[in-house]
Amino acid sequence: MSHHHSAAQHLAFEAFQALQQTHYTAYARAHLGAHEADRAVHDAFAAILATWQDVITDHAPAQRAWEHLRTRVHSRDAPPGPPSEREDIRTLAALGYNAQDSAALMGLSPGRIRFLQRAADAD
């Protein structure tokens, strides 16, 4: 199955990657050593590009892309298995992301993030 992307799609992907690379790397490095984190991010972007058509036509493209990242990061994690959304928000908050930034990155609404933050604070 070959993936032929139009020039416009490729540019859109490159723009997305440029936008998210730093954020994805920060998240990955919060969980993994630098080398492993960079590999995980690289693999995540490869997977996002391979399914780019599905990602951009999804009702929540950012969320779809974020899932690729989480999957790649946490398959290298010990113990394996992705954390809950709440734990992700805690990680991002520790990295200095506010609700708005976390929402954009994870593809969730800021209201959902604030709800999860309140739930996390109540833990």
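The values are calculated or read from the model by the stated rules, or taken from the named source; none is laboratory data. The structure displayed is predicted, hence computed values, not measured ones. Only protein heavy atoms, including side chains, enter the accessible area calculation; ligands, DNA and RNA are left aside. Shrake-Rupley method; radii C 1.70, N 1.55, O 1.52, S 1.80 Å.
Miscellaneous remarks
- Per residue, the chain exposes 55 Å² of accessible surface when a 1.4 Å probe is rolled over the protein heavy atoms with every protein chain present.
- Angle in degrees between helix 110-122 and the longest Cα principal axis of the chain, rounded to the nearest 10: 40
- Taking every DSSP helix (H) stretch of at least 4 residues in the chain, weighting each as -39,500 (n - 2.57) and dividing the sum by the residue count yields a mean residue ellipticity at 222 nm of -24500 deg cm²/dmol.
- Computed 3J(HN,Hα) for segment 19-24, one whole-Hz value per residue from the Karplus formula 6.51 cos²θ - 1.76 cosθ + 1.60 where θ = phi - 60°, is 5, 9, 3, 4, 5, 4, glycine and proline marked x.
- D_trans [Stokes-Einstein, Kirkwood Rh over alpha-carbon pairs] for the chain, 25 °C, 0.890 mPa s, µm² s⁻¹: 164
- Normalised by 2.2 N^0.38 Å, where N is the number of residues, the C-alpha radius of gyration of segment 71-123 stands at 1.14.
- Apportionment of accessible area to carbon and sulfur, segment 42-115, percent (1.4 Å): 56
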